[in-house]
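Derivation of every value follows stated rules applied to the coordinates shown; laboratory data play no part. Remember, it's a predicted structure, so these values are computed and weren't measured experimentally. Virtual Cβ from ideal backbone geometry, glycine too; neighbours counted across all protein chains shown.
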Amino acid sequence: MSDPNEAAGNATGPRRVEHDVTTMASTRGARDVSSDVGGGTDVDGAEAYVRLEREVALLLRRSRAISGRLAGELHHGLEGAAYGLLVLLDDAGPLRASDVVARLGLDKSTVSRQVASLVDLGLIDRAADPGDGRAQVLSTSVEGHRRLSELRDVRRARWEADLADWATRDVATLAELLGRLNRLGEAREGEALGD
């Protein structure tokens, strides 16, 4: 299956959704998929969180494996963390290296190593920050964007094939919920780094 992180983005980058998904779904006329989960029975609160932890752990394991494979498709020997960094820069860049550290939840040394590797391969560009000459701004190079776009097109087609029997609104709801979960994770990472 494709990288689940792709579901939350679009061709122009990740969308920022500030409203409650349930409200948004009802205002768009989408049906509530929660009744489809668990056979329509009431779900115990504690069990719901146990299931969530189990499914997210599985999703993360698969995501790491897929990121490693996709990184290898960009360039033999490239680490999975470098793939995630390239995707972030393509979606949200240009970014300062410190912003990449915060957004990905990686340590500085890992980001520094991945940046050096991606710069050497010509997949990202590094420039002085015009607002602060001591800092660097990172962005996807033309070649990096081209190669990443090719991979993403293949992955998007795979998602469409894998989820062909899902209603479009269910795919959109999943993307919205994953986006909310990702924003919560980013906020938690920001709090941890701020301590």
- [ ] Would you mind calculating the gained length between Ser149 and Tyr49 on full extension (0.36 nm times residue separation, minus the Cα-Cα distance), in nm to one decimal?
- [x] 32.4 nm
Open item on the list: If amide hydrogens are placed 1.01 Å from N in the peptide plane, which non-local residues have theirs closer than 5 Å to the one on Ala135?
Closed with: Asp129
Task: Residues Asp129, Asp44, sorted so that the one with the fewest Cβ neighbours within 10 Å comes first - done: Asp44, Asp129
- [ ] Could you line up Leu148, Leu163, Leu123 from fewest to most neighbouring Cβ atoms inside 10 Å?
- [x] Leu163, Leu148, Leu123
Task: For segment 43-162, the Rg and Dmax computed from alpha carbons only, in angstrom - done: 16.6, 55
Task: Extended-chain gain in nm, criterion 0.36 nm per residue less alpha-carbon gap, Asp165 and Arg96 - done: 20.8 nm
